[in-house]
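Colleague: Pasting a structure here, questions to come.
FYI, it's all coordinate maths here, none of it is from the lab. As the structure is a prediction and not an experimental result, all values here were calculated from the model. A quick note on method: Cβ atoms are made from the backbone with ideal geometry, for glycine too, and the neighbour counts reach across all protein chains shown.
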Amino acid sequence: MEIIGIIDYGSGNIHSATKAFENVAKDLKKEIKILRIQNAADIKLCDRIVLPGVGAFKDCKAGLVNIDGLVPTLEKKILDAGAPFLGICVGMQLLADIGFEGETTPGFGWIPGVVDKIPTTAGLKIPHMGWNTIRFNRAHSIFSGLEDKEKTIVYFVHSYYFQVKKMEDLLGVCDYGSEITAVIGKDNIIGCQFHPEKSQKIGLKFIKNFINWSP
Amino acid sequence: MLKSRIIPCLDVNNGRVVKGTNFVNLRDAGDPVEVAKIYDEQGADEVCFLDITASHENRDTIYDIVRKTAEVCFMPLTVGGGVSKIEHIRTLLLSGADKVSVNSAAVKDNNFVRYAADKYGSQCIVVAVDAKKNDAQNKWEVYTHGGRINTEIDVLHYVERIVSLGAGELLITSMDKDGTRSGFDNILIKQITDIVNVPVIASGGVGNLQHLVDGIKLGHADAVLAASIFHFGEYTINEAKQYMKERGINVR
C-alpha cells in the first residue's frame, strides 16, 4: 500500500484536495491511502506528499512553521529521501526563495525564484480568477494524456505568481497579460499554480499523473 | 486566454433548493448536492449556493451541504447568504467552499471585508451587491437584508471603496431586473466594470441565452450568473456555451 500525505495546516482547500485525491485513488490499480499530515511524525509514514495552500504567503509559511518539526522533517523527506512532492497554489509558491506578498517572507528555496505580484497592464484584473489554458514548456510525465495548447484548461485564482530563476524549472505557462507560471518542476518536486482539485476532469487527470509519477 | 464564466446559482433554504429544479433522472431535485453534480457534469465553470435559511439554528445545514458537494464536485464553489462573522467564512472555506460571498455585513461594516481579505486572501472574498436604480436621483442604491432595506448608498461609490478594502470579486444583482427575464442591467454592470479592477459577476434578469452574451459584450462582465433558465431545463450549460461561442465569446 502507498500512502499519500496531504499536509493539514489550516489551509482552506484541504477538504477539497483530500476528496479529489481520494476520488482519483479509488479507481487506480494500486492500493492507496490518503493521510492528512498533522505533525512531523506523519510525514515519515508517507510515500508522496502534497502541500495545498490558499491565502497569503506569509500566513501559509507561518502555519507550517508553527507545527513543531514539520518543515525540517519535510525537507529531509523531499530533498534527501526524494519522495515525490506536489505543491498547489500557495503550496507551490512556498517553494521559492522569497515571497513579496504583504511583508517579504522567505520560502523553502527548493526551486530558485521569487513570488511577486502579477504585472498589471491596462484593463487586466487582479486576481487572475477563472479558467485559463496552459501551454507545456517541455514534456513531463505530469502532463501525460493531457493535450498541449487549447485543450488543457484549468482553474486559477491568485494575485501573485512564481518567477523562476532557471527556465529549465518552468514546465507550463498560461497567458494573462504576460506569461504567467502555471507548472514548475525539478527532480522529484512539482508545483502547480492552478487548482487541480477544482479543475474537473483535467484536474483529476493531473492528480492521477502525480500519483503514477516515478521521478 | 482567460475564459468567460457561466455560473448557475442555487437558492438554498434549510438545506433544500428553493422551488426545486426540473431535471429528469434526478433522484431528488431539491437536493443541492445532486443539482450541483448535474451542473458539474454539464461543464458549469462554477456553482454558487445562496443560503437563505432564516433561523440561526439551521445555519449548520449549509456547511454540511458544502462539505458533501466538495466530495463529489471538483469545481469552484461560491457560497453566500447570512455571512456576518469571520467564523462563518472560516467554516465555509474549511468545508470546501472556494469563495465566500458577503452582502449585508460588508455594508454594515466595510472593514469586515478588509479583515476577511487580510485573513483569507482577497481571492476568496466576493462582495455581493443588491442594486436598485433611483430614477429621481439618477443613481443606483445599495440594498441589504435580501433587498428589504435601502441604505441609499451610491452603488458606484460603494464598489470602489469595497474593492480598495480587499474584495476580490463583485457579484452585482440588479433588483430592477431580477425575476423579469428581460436581461441584465448592462448599463449598471458596465459602469462598475469600468471603475474596478476585480472580476465582476453579472446577476439578475436572465431569460434567454442572448442575455448571457449581452452581459459579457455590453456589460463587460467576467462571469454571468443565472438560475431559472438552467434549473428548469430550458437550456443546459453546454447549450449556453455553444451559443456564446458562436457569438465570439471565449468560453471553456
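Colleague: Which of the aspartates and glutamates could a cross-linker bridge to A:Lys201, judged by Cα under 17 Å and excluding same-chain residues fewer than eight apart?
Modeller: Leaving aside aspartates and glutamates fewer than 8 places away in the same chain, those within reach of A:Lys201 are A:Glu22, A:Asp27, A:Glu147, A:Asp148, A:Glu150, B:Asp40, B:Glu41, B:Asp45, B:Glu46, B:Glu71.
Colleague: Below 8 Å between Cα atoms, with a sequence gap of 6+, how large is the relative contact order for the stretch B:104-144 in percent? Provide the component values of the computation, followed by the final result.
Modeller: Details: 30 pairs, mean separation 11.5, N = 41.
Reported as a whole number, the value is 28 percent.
Colleague: Something else now. Please give the net charge around B:Ser174, taking every other residue with its beta carbon less than 14 angstrom from that of B:Ser174, where Lys and Arg add +1 and Asp and Glu add -1.
Modeller: Values: positive: B:Lys132, B:Lys133, B:Lys139, B:Lys177, B:Arg181, B:Lys190; negative: B:Asp130, B:Asp135, B:Glu141, B:Asp176, B:Asp178, B:Asp185, B:Asp214.
With Lys, Arg at +1 and Asp, Glu at -1, the neighbours total -1.
Colleague: Could I ask something else about it? Can you give me the long-range amide H partners of B:Trp140? Hydrogens built in the peptide plane at 1.01 Å from N, cutoff under 5 Å, separation of 5 or more residues or another chain.
Modeller: The list, which skips near neighbours in sequence, is B:Asn134, B:Val155, B:Leu156.
Colleague: Within 10 Å of each candidate Cβ there may be at most 14 other Cβ atoms; applying that plus a DSSP loop requirement, which trypsin sites (Lys or Arg not before Pro) in the stretch A:1-104 survive? Don't skip to the answer; put the middle values down first.
Modeller: Numbers: sites: A:Lys19, A:Lys26, A:Lys29, A:Lys30, A:Lys33, A:Arg36, A:Lys44, A:Arg48, A:Lys58, A:Lys61, A:Lys76, A:Lys77; in loops: A:Lys26, A:Lys29, A:Lys30.
Counting only loop positions with at most 14 other Cβ atoms within 10 Å, the trypsin sites (Lys or Arg not before Pro) in the stretch A:1-104 are A:Lys26, A:Lys29, A:Lys30.
Colleague: What residues of the stretch A:36-58 lie in the reach of a label at A:Lys117, counting those whose backbone N is under 19 Å from a point 7 Å from the Cα along Cα→Cβ?
Modeller: Output list for this probe position: A:55-58.
Colleague: Sticking with this one: Got a sec? How would A:Glu22, A:Glu103 order by Cβ neighbour count within 10 Å, fewest to most?
Modeller: Details: A:Glu22 15, A:Glu103 9.
The most exposed by this proxy come first: A:Glu103, A:Glu22.
Colleague: Compute the relative contact order of the stretch B:146-222 as a whole-number percentage, counting only Cα pairs closer than 8 Å that sit 6 or more residues apart in sequence.
Modeller: Details: 120 pairs, mean separation 25.0, N = 77.
Value for the stretch B:146-222: 33 percent.
Colleague: Here is a further query. Which pairs in the list A:Lys151/B:Lys217; A:Lys76/A:Lys165; A:Lys58/B:Lys119; A:Lys198/B:Lys3 are over 21 Å apart, alpha-carbon to alpha-carbon?
Modeller: A:Lys151/B:Lys217; A:Lys76/A:Lys165
Colleague: Right, something else. Under the rule of at least 5 residues apart or a separate chain, name every residue whose amide H is placed under 5 Å from the amide H of A:Ile6.
Modeller: Here the answer is A:Leu35, A:Arg36, A:Ile37, A:Val50, since their amide H atoms fall under 5 Å of that of A:Ile6.
Colleague: Just report the Cα centroid separation between the stretch B:61-131 and the stretch A:93-126, whole Å.
Modeller: Cα centres, the stretch B:61-131 to the stretch A:93-126: 25 Å.
Colleague: Could you line up A:His140, A:His15 from fewest to most neighbouring Cβ atoms inside 10 Å? Provide the component values of the computation, followed by the final result.
Modeller: Details: A:His140 16, A:His15 23.
Result, fewest neighbours first: A:His140, A:His15.
Colleague: Any idea what the relative contact order of the stretch A:68-175 is, in percent, if you count C-alpha pairs under 8 Å spaced at least 6 apart? Walk me through the numbers before you get to the answer.
Modeller: On the way: 159 pairs, mean separation 26.4, N = 108.
Computed over the stretch A:68-175, the figure is 24 percent.
Colleague: Using a 4.7 Å cut-off between beta carbons, which cysteines in chain B end up with no partner cysteine at all?
Modeller: B:Cys73, B:Cys124
Colleague: Work out the FRET efficiency for A:Ala62 and A:Glu150 from their Cβ-Cβ distance, taking R0 = 41 Å, and round it to the nearest 0.05.
Modeller: Once the sixth-power term is evaluated, E becomes 0.55.
Colleague: Taking neighbour Cβ counts within 10 Å as the exposure measure, how do B:Ser104, B:Ser203, B:Ser174 sort from fewest upward?
Modeller: Details: B:Ser104 21, B:Ser203 30, B:Ser174 25.
The most exposed by this proxy come first: B:Ser104, B:Ser174, B:Ser203.
Colleague: If I model a spin label as a point 7 Å beyond the Cα along the Cα-Cβ vector, how far apart are those points for B:Ile187 and B:His56 in nm?
Modeller: 4.2 nm
Colleague: Turning to a different aspect of this structure: Cα centroids of the stretch A:35-63 and the stretch A:130-179: how far apart, whole angstrom?
Modeller: 23 Å
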